[in-house]
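Have a look at the structure below, then the notes.
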Amino acid sequence: MKQKIDKLWIGALIGALIPLIIFIVLYFQQGIADSFFTFIGNLFQQRLLSAFLRIGLIGNLAIFLVAFNLHQDKLPKGILLSTIIYGMFIVYMYIW
């Protein structure tokens, strides 16, 4: 089983999807009447999109730690790669 999921691209995919899933869960939890894309536009205009994405990166940390403690080699590297890319986007959003 270890060889099947211990791949860099699977870790990168997991690392890219976890913050998005958390972002969508937060949207539905808030019970907002606006459409999803209107919500994203409002967050972008109010400069809060990066804050919501930072919350989503906490999920990446949890998955990274689980994969690392299970002695996976490549899966945590892929998660870290996605987290770094998200981090660069968040810094860009914060500065801009």
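Output yes when any residue across segment 53-67 is over 11 Å from the mean Cα position of the chain (by Cα) and charged (D, E, K, R), and no when none is. For segment 53-67, residues over 11 Å from the mean Cα position of the chain (by Cα) and charged (D, E, K, R): absent. Being farther than 15 Å from ILE90 by Cβ, aliphatic (A, V, I, L, M) and either touching a Gly at 6+ places or on another chain (Cβ under 9 Å) or surrounded by 18 or more Cβ atoms within 10 Å (Cβ to Cβ) (or both) is a property that LEU75 has.
Elements of the type helices (runs of 4 or more DSSP H) sitting completely within segment 1-58 and holding at least 2 residues that are modelled with pLDDT under 85 and within 30 Å of LEU70 (Cα to Cα): these cover 2-5.
All of (1) surrounded by 12 or more Cβ atoms within 10 Å (Cβ to Cβ); (2) farther than 15 Å from GLY87 by Cα; (3) touching a residue at least 40 places away in the same chain (Cβ under 8 Å) hold for VAL66 with one exception: (3). Within segment 29-63, restricting attention to residues that are small (Gly, Ala, Ser) and farther than 16 Å from MET93 by Cα, the residue that is surrounded by the most Cβ atoms within 10 Å (Cβ to Cβ) is GLY59.
From the list LEU26, LEU8, the one residue that fits, being touching a helix residue (DSSP H, G or I) at 6+ places or on another chain (Cβ under 9 Å) and under 24 Å from TYR94 (Cα atoms), is LEU26.
The values are calculated or read from the model by the stated rules, or taken from the named source; none is laboratory data. In this text the structure is predicted, and so the values were computed from the model without any measurement. Quick reminder, even Gly has a Cβ in these numbers, built from the backbone with ideal geometry, and neighbours come from all protein chains shown.
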